[in-house]
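Below: the structure, in structure tokens.
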Amino acid sequence: MRQTISVLKILALGILALSLVFIYFQGQVAVVQDEKYLLGTYFRIKAQSRSRERAERAVQAAFEEAERLAEEFSRTGAGSLGELNRRGFQEPVKLSEDVITVFEAAQKYRELSHGAFDPTIGKLVDSWGFTQDWDRTGVGRVPSPEVLRPLLEDTRDFSIDLVTKTGQLSSASVEIDFGGIAKGYIVDRVVAILQESDLDNALVDAGGNIRVFNSYPRRVLWWEDRRPFRIAVQHPRDEQKVLGVLAIWEDRALATSGDYQRCFFADVLGNIFPCRYADEPGKTRYHHIIDPKTGMPARGLISVTILAPTAMEADALSTAVFVLGPEKGLELVERLENIECIMVTDERRILKSPGLADINFPTELP
Amino acid sequence: MNEFWRTVNRYLTWGDYIVIGLVFLGAAATVSLLRRPVEAGGQWALVRLEGKMVEQLPLTEDREITIIGPAGETVIQVHAGRVRVVESPGPQQVCVRQGWIQKPGEALICVPNRVTIEIPGNSGIDAISR
């Protein structure tokens, strides 16, 4: 009798120990991270799954799609957008499904923002020197009014035929620049691929254009290890600082438009100095977010961060709000559902939309 | 309920309870030790060129290396447990101006030359919207 009980005890202890080990490994997850240089920036994907193999396959498929789309949306490349920019003012040009989708979205944001977001300004942007290979060459210039005037006076428009899947440009002054929207679209496509792969969660970061999703928290039997993604917002005047950190629990996207991303300084003599985060005394900052109505860099705000359900919305709206300025920008954000924003004015005040009232950010740029 | 414990206690001595407790404690200790293997990081800086790892620099060893990228030379310096970019081509010099990094999760990104330097680990921040 005694012996039987001892054997039972040892067995029970063994089962107990084994089940603890099992519970631990059952909660084990693999995190796969990879990065590639795409669209003039770093494109990073971080995916978590129970199965390392599944996560690796998903990340690889996601990068393949991102590479394909990057070419598709290049302003001057071999894709259908490049083709449209070369011949679109003479004849209708066949467009890919992706380009048409983004055109439709761009049209929507153009109307919503009363023209503050406008993809037809490729040539205006170029005239400031903010070309596609800016990160390498990076030489800006202040264009003369004679250069800007014709580009501003011509009707800049485009038309898309959804039946023939073609597009046409209204004049030779139009060059379609999807710089303020395509990156977001690509992030969304990549997220769609990752979501199809049944991952636990993932983060996609295209140079600060971020989208995350949290399908399943890490789970150990009944206990859920719920953890938000923690995303910081860049300080617009100091490379080494952030404004604050946002805890993102749900599926969400963030994008920031700032006057420090692509810029240059000019002094009164017309000398050009390279872009810096910090202001330079006695010099004027010129940046890449061009107001489509004036052809000049938009003033009033120095940084706009948008939170939205998709990266494309966040991307397009951060540009639109930046151009609209603090009052009209905030008005637009408040009119839209599920959209929040954090902005920094040129007087260094930090403003938030009402939905972010309880986040802990300073009210002045530190 | 009392009947239940009386039955259980007839077969289990207090020594058994101690053994069971020890198994749980041992499991908890093992899990907490295994759980965060990366957090022991912060000893290395990983240097990548166009997304591919090219160097692993121990932060305990002062040195300076040069990476040849598509735009030119990026000079990376390790000193007193910290790492920085001394020189890198490009008009904006963002990664040079970021200065020293030393904590796990921190990173320097030199976009023009496609070089990134990362101290692996978890800083509590997953990404920066910039």
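Read-outs throughout are calculated quantities, based only on the coordinates presented, and are distinct from any laboratory measurement. Please read all numbers here as calculations on a predicted model, not as lab measurements. We place every Cβ from the backbone using ideal geometry, glycine too, and count neighbours over all the protein chains shown.
Results, tabulated for the structure shown:
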read-out: Test item: Cα-centred dipole of region A:253-366, Lys/Arg +1 and Asp/Glu -1 on Cβ, debye; value: 320 debye
read-out: Percentage relative contact order, region A:243-366, counting C-alpha pairs under 8 Å, at least six apart; value: 24 percent
read-out: Positive dipole terminus of the protein assembly as shown, leading residue within B:LEU59, A:ALA232, A:GLN3 (C-beta point charges); value: A:GLN3
read-out: Extension reserve of the A:LEU269-A:SER215 stretch, reckoned as 0.36 nm per residue once the Cα distance is removed; value: 13.8 nm
read-out: Antiparallel bridges, percent of DSSP beta bridges restricted to the protein assembly as shown (to nearest 5); value: 95 percent
read-out: Orphan Cys of chain A, criterion: no other Cys C-beta under 4.7 Å; value: A:CYS341
read-out: Mean residue ellipticity (222 nm) of chain A, computed from DSSP H runs ≥ 4 via -39,500 (n - 2.57), nearest 500; value: -11000 deg cm²/dmol
read-out: Simple Cβ-charge dipole of chain B, Lys/Arg +1 and Asp/Glu -1, about Cα centre, in debye nearest 20; value: 300 debye
read-out: Gain on full stretching of the segment that runs from A:ARG2 to A:GLN60 - 0.36 nm per residue minus C-alpha separation; value: 14.9 nm
read-out: Amide H partners (placed H, <5 Å) of A:LEU246, local residues excluded; value: A:ILE231, A:ALA232, A:VAL233
read-out: For region B:113-128, 3J(HN,Hα) per residue [Karplus equation, 6.51 cos²θ - 1.76 cosθ + 1.60, θ = phi - 60°, Hz, x = Gly/Pro]; value: 9, 6, 10, 10, 10, 9, 9, x, x, 10, 8, x, 10, 8, 6, 10
read-out: For region B:70-130: span of alpha carbons on each principal axis (Å, largest first); value: 32, 29, 17
read-out: Net charge over other residues, Cβ less than 12 angstrom from the Cβ of A:ILE100 (K, R count +1; D, E count -1); value: -3
read-out: For chain A, fraction of C-alpha pairs farther apart than 35 Å, in %; value: 31 percent
read-out: Amide H within-cut-off set for B:VAL54, under 5 Å, with H built and near neighbours excluded; value: B:VAL47, B:ARG48, B:LEU49
read-out: Chain A: DSSP helices with Cα axial extent of at least 15 Å and average Kyte-Doolittle hydropathy no lower than 0.0; value: A:2-26, A:182-196, A:311-324
read-out: For A:GLY115, net neighbour charge (Lys/Arg +1, Asp/Glu -1) across residues whose Cβ lies under 13 Å away; value: +1
read-out: R0 of 30 Å, Cβ-Cβ distance A:GLU334-A:ALA247: FRET efficiency to nearest 0.05; value: 0.85
read-out: Extended-chain gain in nm, criterion 0.36 nm per residue less alpha-carbon gap, A:ASP358 and A:SER51; value: 106.8 nm
read-out: Exposure proxy ranking, count of Cβ atoms within 10 Å, fewest first, for B:SER32, A:SER353, A:SER318; value: B:SER32, A:SER353, A:SER318
read-out: Relative exposure of A:PHE22, A:PHE213, A:PHE273, judged by other C-beta atoms within 10 Å (fewest first); value: A:PHE22, A:PHE273, A:PHE213
read-out: For A:ASN338, net neighbour charge (Lys/Arg +1, Asp/Glu -1) across residues whose Cβ lies under 13 Å away; value: -4
read-out: Spacing of the two label points (7 Å from each Cα toward its C-beta) at A:THR101 and B:ARG6, in nm; value: 7.1 nm
read-out: Over chain A, relative contact order from alpha-carbon pairs under 8 Å, at least 6 apart, %; value: 15 percent
read-out: Helix axis angle, B:2-11 relative to chain B longest principal axis, alpha carbon, degrees; value: 80 degrees
read-out: Inter-centroid distance (Cα atoms) of region A:133-156 relative to region A:60-101, Å; value: 23 Å
read-out: Student exercise, chain A dipole from Lys, Arg, Asp, Glu Cβ charges, in Debye to nearest 20; value: 1260 debye
read-out: Cβ-based charge dipole, the protein assembly as shown, positive-most Cα from A:SER74, B:TRP14, A:VAL102; value: B:TRP14
read-out: Charge dipole (chain B, unit charges on Cβ, about Cα centre) - positive-most of B:ALA45, B:ASN122, B:LEU25; value: B:LEU25
read-out: Relative contact order (percent, whole number), chain B, Cα cutoff 8 Å, 6+ residue spacing; value: 21 percent
read-out: Neighbour-count order for A:ASP315, A:ASP259, fewest beta carbons within 10 angstrom listed first; value: A:ASP259, A:ASP315
read-out: Cα→Cβ-extended label distance, 7 Å offset, between A:GLU196 and B:LYS103, nm; value: 3.9 nm
read-out: Virtual spin-label span in nm between A:GLU91 and B:THR13, 7 Å along Cα→Cβ; value: 9.7 nm
